[in-house]
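Colleague: Would you mind keeping the following structure in view while I ask a few things?
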Amino acid sequence: MPELVVYSRRGCHLCEDLLAELEPLLRGQADLRVVDIDSDPRLAAAWGTRIPVVMGGGDLLCEARLDRAALFAWLRGCRASRPGDR
C-alpha cells in the first residue's frame, strides 16, 4: 500500500484539522505516517512554519490546507501503478 507522509508538529491546529479531514479519505487506499518536525532539527529547519505538509511518494501534494484534487490524483496514480488493479 502506498504511504502518505504528513509533516506536522504538536499543538498545530491546522495540522489537526488537516489530519481529521485526511484520515477518512485514505482508509484502505494508503498508509498514513505523521512526522513531528520538532523531533528532528533538519526537518524543523526545512519545514518551519510551512506545516502541515503532505507528501506522497516524495512529491509535495499540499501545504497548510488539504488539496483534495492533488490527493485524489496521487491516489489514482498509485492505483494505476499497482499490478492487477487496472
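Colleague: Among residues belonging to the stretch 5-16 that are out of contact with any Pro (no Cβ under 8 Å at 6 or more places or on another chain) and assigned to a loop (DSSP other than H, G, I, E, B), point out the one that is surrounded by the most Cβ atoms within 10 Å (Cβ to Cβ).
Modeller: Kept after step one, since they are out of contact with any Pro (no Cβ under 8 Å at 6 or more places or on another chain), are these residues of the stretch 5-16: 5, 9-11, 13, 16.
This time we only want the ones that are assigned to a loop (DSSP other than H, G, I, E, B), so: 9-11.
Values: Arg9: 19, Arg10: 10, Gly11: 8.
Among those that are out of contact with any Pro (no Cβ under 8 Å at 6 or more places or on another chain) and assigned to a loop (DSSP other than H, G, I, E, B), it is Arg9.
Colleague: Counting only residues that are small (Gly, Ala, Ser) and either assigned to a helix (DSSP H, G or I) or free of Cβ contacts under 8 Å to residues at least 12 places away in the same chain (or both), which one in the stretch 57-75 is farthest from Gly11 (Cα to Cα)?
Modeller: Out of the qualifying residues, it is Ala73.
Quick grid of which residues meet (1) acidic (Asp, Glu); (2) surrounded by fewer than 17 Cβ atoms within 10 Å (Cβ to Cβ); (3) free of Cβ contacts under 8 Å to residues at least 12 places away in the same chain:
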{"position": "Glu3", "(1), (2), (3)": "yes, yes, no"}
{"position": "Leu18", "(1), (2), (3)": "no, no, no"}
{"position": "Val34", "(1), (2), (3)": "no, yes, no"}
{"position": "Ala45", "(1), (2), (3)": "no, yes, yes"}
{"position": "Met55", "(1), (2), (3)": "no, no, no"}
{"position": "Gly77", "(1), (2), (3)": "no, yes, yes"}
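Colleague: Further question on the same structure: Read through the list (1) modelled with pLDDT under 95; (2) over 11 Å from the mean Cα position of the chain (by Cα), then give the number of the only condition that Phe72 fails.
Modeller: (1)
Colleague: Go through the stretch 20-49 and give me each residue that's out of contact with any Leu (no Cβ under 8 Å at 6 or more places or on another chain), part of a helix (DSSP H, G or I) and farther than 18 Å from Arg76 by Cα.
Modeller: Scanning the stretch 20-49 gives Ala20, Asp38, Ser39, Pro41, Arg42, Leu43, Ala44, Ala45, Ala46, Trp47.
The values are calculated or read from the model by the stated rules, or taken from the named source; none is laboratory data. All of these numbers come straight from a predicted model, not from anything done at the bench. Note that we place each Cβ from the backbone using ideal geometry, even for glycine, and neighbour counts take in every protein chain shown.
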